[in-house]
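Take a look at the structure below.
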Amino acid sequence: MSRKPVIVFEGIEGSGKSYHINNVSNYLKKRKIKHIKIREPGGSKNSEKIRKLILSKKSSFNKETDLLLYLAARNENISLLKKYYKKKVILIDRFIDSTISYQHYGFGVNLKLIKTINNHILKNFKVDYTFLNIVNKKNMLKRLRLRKSLNRYDKFNKKFYENVQKGFLKLAKKQNKKYKIINSNLDISYNKSLIVKIVNKLI
């Protein structure tokens with residue numbers, strides 16, 4: 001594995017993935033390890049514009065439009081990602097497996113369609129390691145209630161998030177050597193320590 005790996009943080013709403021990616025980024029800064037951190041959708045100027053469109057509470061796209069917008073946002077990021085690929089540590093908040101879990105397992109969009117377009121965009125860009133943050137319904141809802149504002153993807157029904165998380169777990173099972181499942185129902189300081197320990201081995 002490259003010493004400048006691509007590390008992805010995945011999970012449903014309220015799972016703690018954004019908290020942990022920020023913690024790792026701060027850790028790398030303290031160690032003066034060059035890295036970039038982006039989120040999906042978002043990251044680049046144009047991708048952030050698409051993010052606002054997707055997540056707006058006023059938006060009501062059909063499921064295929066949602067997919068194409070997410071992949072368009074990724075396409076806007078790919079030149080940035082390839083620029084630093086194998087040159088810096090790359091941290092990504094949501095990536096390929098979010099697209100599959102939400103759009104296929106959540107909304108039922110054709111998996112072959114997702115993979116075909118995604119492969120066209122990414123080509124040889126590969127993820128080295130994924131942290132999958134899982135959360136139970138009670139804690140997910142509790143954490144969402146604490147948010148100052150909710151976007152469109154924070155307001156689906158419980159069954160939707162359950163299906164998405166099951167999708168993530170199926171993907172993790174297929175790539176278990178490159179995945180670490182983080183139980184975010186446990187003590188947060190324990191998970192912080194565990195994730196940083198793994199990141200140290202990766203870099």
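Just so you know, all these numbers are worked out from the coordinates, no wet-lab data involved. Remember, it's a predicted structure, so these values are computed and weren't measured experimentally. Every residue, glycine as well, gets a Cβ built from its backbone with ideal geometry; the counts of neighbours run over all protein chains shown.
Here are the numbers:
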item: Residue among 113, 146, 67 with the largest mean-square fluctuation in a Gaussian network model of the chain, springs linking Cα atoms under 10 Å; result: 146
item: Violating pairs (Cα-Cα greater than 22 angstrom) within the set 88/126; 49/142; 63/137; 112/173; 63/177; 115/166; result: 49/142; 63/137; 63/177
item: Gyration tensor (alpha-carbon) shape descriptor, the range 132-201, a/c threshold 1.5; result: oblate
item: Where a label projected 7 Å from the Cα of residue 29 along Cα→Cβ would reach, residues of the range 81-117 with amide N under 17 Å; result: 89-93
item: Per-residue Cβ neighbour rank within 10 angstrom, fewest leading, 152, 31; result: 31, 152
item: Prolate/oblate/rounded call for the range 1-112, Cα gyration tensor, a/c under 1.5 rounded; result: prolate
item: Gyration tensor (alpha-carbon) shape descriptor, the range 6-202, a/c threshold 1.5; result: rounded
item: Full-extension gain in nm, residue 49 to residue 138, via 0.36 nm per residue minus C-alpha separation; result: 28.8 nm
item: Fluctuation leader among 131, 160, 95 - the chain, Gaussian network, Cα springs under 10 angstrom; result: 160
item: Average Cα contact separation per residue, the range 52-122, under 8 Å, 6 or more apart, as relative contact order %; result: 38 percent
item: Calculated from backbone phi, Karplus (6.51, -1.76, 1.60) coupling profile of the range 35-44 in Hz, x at Gly/Pro; result: 7, 10, 10, 10, 10, 10, x, x, x, 9
item: Choice from 156, 61, 168 showing the highest fluctuation, given a GNM over the chain with Cα pairs closer than 10 Å; result: 156
